[in-house]
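Colleague: Take a look at this one; I'll ask things after.
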Amino acid sequence: MNWLVKTVRAIDCITEKLGRAIAWLTLLMVLLSFTIVLLRYGFNLGWVAMQESVLYFHGIVFMLGAGYTLKADGHVRVDIFYQGFSDKQKALVNLLGGLFLLLPVCIFIFLISFDYVSTSWRIMEKSSEAGGLPFVYLSKTLLLVFAFTFILQGLAEIGRSFLVITQQNKPENGSHNKNNPNIKDLS
């Protein structure tokens with residue numbers, strides 16, 4: 001099972017680096033929004049492309065940040081029963097949820113979005129607004145990238161849960177992962 005531990009850690013590392021990059025994009029988005037408001041209300045200036053770029057940043061932050069949020073166990077969870085479960089029971093719920101809910105939904109999103117995104121690429125879709133950004137196809141591509149990164153992190157969570165259930169991995173030197181206390185976080 002050493003390969004599984006290494007795989008989980010490698011995916012976690014990728015997700016962690018992506019999450020940190022997204023955090024910087026969030027700062028950039030806030031600064032851009034501030035600039036837009038300042039220009040609009042302070043100087044009566046505005047550009048559609050600038051406003052659309054905030055929407056693009058929003059899409060990037062939410063779509064690419066979803067895997068990081070899953071890794072950090074930050075998604076909404078109805079945990080009336082879950083909070084009282086043992087680590088093994090939580091791992092079983094996470095494993096089954098990942099296999100029967102998360103992966104099928106993400107695969108469905110990927111498949112249903114593929115033609116939509118490829119059509120956008122084929123016509124090099126642009127903004128319908130005058131002066132808008134000519135990169136709508138890139139924004140739509142985030143649907144596929146979201147599904148891929150969420151599947152990747154979902155597989156890591158499934159692997160982590162499997163390791164907990166089979167007791168293949170124990171805490172190392174008292175280090176605990178926020179998601180699961182039985183896997184050391186090496187990011």
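The values are calculated or read from the model by the stated rules, or taken from the named source; none is laboratory data. Source: prediction; values computed, not measured. For neighbour counting, all protein chains shown are included, and Cβ atoms are generated from backbone atoms with ideal geometry for every residue, glycine included. Ligands, DNA and RNA are excluded from the accessible area calculation, which covers all protein heavy atoms including side chains. Shrake-Rupley method; radii C 1.70, N 1.55, O 1.52, S 1.80 Å.
Colleague: Run the quick spin-label model on Ala130 and Leu92: label points 7 Å from Cα toward the beta carbon, then report their separation in nm to one decimal.
Modeller: About 6.5 nm separates the two model spin labels.
Colleague: Another one. Compute the whole-percent fraction of alpha carbon pairs in the stretch 48-88 spaced more than 12 Å apart. Walk me through the numbers on the way to the answer.
Modeller: On the way: 581 of 820 pairs.
Above the 12 Å cut-off, the stretch 48-88 has 71 percent of its Cα pairs.
Colleague: Could you order Arg40, Arg160, Arg9, Arg122 by accessible surface area, starting with the largest, using a probe radius of 1.4 Å?
Modeller: Values: Arg40 85, Arg160 0, Arg9 55, Arg122 170 Å².
Greatest to least solvent exposure: Arg122, Arg40, Arg9, Arg160.
Colleague: Can you tell me what percent of all Cα-Cα pairs in the stretch 20-126 are more than 17 Å apart?
Modeller: On the way: 4003 of 5671 pairs.
Beyond 17 Å sits 71 percent of the P(r) for the stretch 20-126.
Colleague: How much length is gained if the chain between Gln167 and Ala49 is pulled fully straight, taking 0.36 nm per residue apart and subtracting their Cα-Cα distance, in nm to one decimal?
Modeller: Details: separation 118, 0.36 × 118 = 42.48 nm, distance 5.30 nm.
Gain in length upon complete extension: 37.2 nm.
Colleague: Here's another thing I want to ask about it. What is the distance, in nm, between label points placed 7 Å from the Cα along the Cα-to-Cβ direction at Val78 and at Val30?
Modeller: My value for the distance between the label points is 3.3 nm.
Colleague: Where only protein heavy atoms count, and the probe is 1.4 Å, what is the accessible area per residue for the chain in Å²? All intermediate terms of the calculation are to be shown ahead of the outcome.
Modeller: Details: 11410 Å² over 187 residues.
Per residue, the chain has 61 Å² of solvent-accessible surface.
Colleague: Express in Å², to the nearest 10, the accessible area of Lys17 obtained by rolling a 1.4 Å probe over the protein heavy atoms while all chains stay in place.
Modeller: That residue has around 130 Å² of solvent-accessible surface.
Colleague: Further question on the same structure: Just the number: Rg to Rh for the stretch 13-58, Cα atoms, Kirkwood Rh, two decimals.
Modeller: Working: Rg = 13.2 Å, Rh = 11.5 Å.
Taking Rh as the inverse mean 1/r over Cα pairs, Rg/Rh reads 1.15.
Colleague: Just the C-alpha atoms of the stretch 93-132: what Rg/Rh do they give, with Rh taken as the Kirkwood radius? Please list the in-between numbers first.
Modeller: Details: Rg = 16.3 Å, Rh = 12.4 Å.
Over the Cα atoms of the stretch 93-132, Rg/Rh equals 1.31.
Colleague: How large is Rg/Rh for the chain, to two decimals, with Cα atoms and a Kirkwood Rh?
Modeller: Details: Rg = 20.1 Å, Rh = 18.6 Å.
For the chain, the value is 1.08.
Colleague: Continuing with the same structure: Keeping all protein chains in place and using 1.4 angstrom, which order do Ser120, Ser53 fall into by accessible surface area, from largest down? Intermediate values should be presented prior to the final figure.
Modeller: Values: Ser120 0, Ser53 25 Å².
Ranking Ser120, Ser53 by accessible area, largest first, yields Ser53, Ser120.
Colleague: Taking DSSP loops as anything outside H, G, I, E and B, show the longest stretch in the chain free of chymotrypsin sites (Phe, Trp or Tyr not before Pro) there with at most 14 other beta carbons within 10 Å.
Modeller: 86-187
Colleague: Sticking with this structure for a sec: With every protein chain left in place, what is the accessible area of Leu18 in Å² (1.4 Å probe, nearest 10)?
Modeller: Approximately 60 Å² of Leu18 is accessible to the 1.4 Å probe.
Colleague: Additional query: What FRET efficiency would be calculated for the residue pair Phe85, Lys6, taking the C-beta separation as r and a Förster radius of 35 Å, to the nearest 0.05?
Modeller: Working: r = 27 Å, r/R0 = 0.78.
Between Phe85 and Lys6 the formula returns 0.80.
Colleague: So how do Asp79, Asp115 rank on accessible area, 1.4 Å probe, biggest first, that is with the largest at the start?
Modeller: Order by accessible area, largest first: Asp115, Asp79.
Colleague: Sticking with this one: Would you work out the Kirkwood radius for the stretch 71-112? I mean one over the mean of 1/r across all pairs of different Cα atoms, in Å.
Modeller: This gives a value of 11.6 Å.
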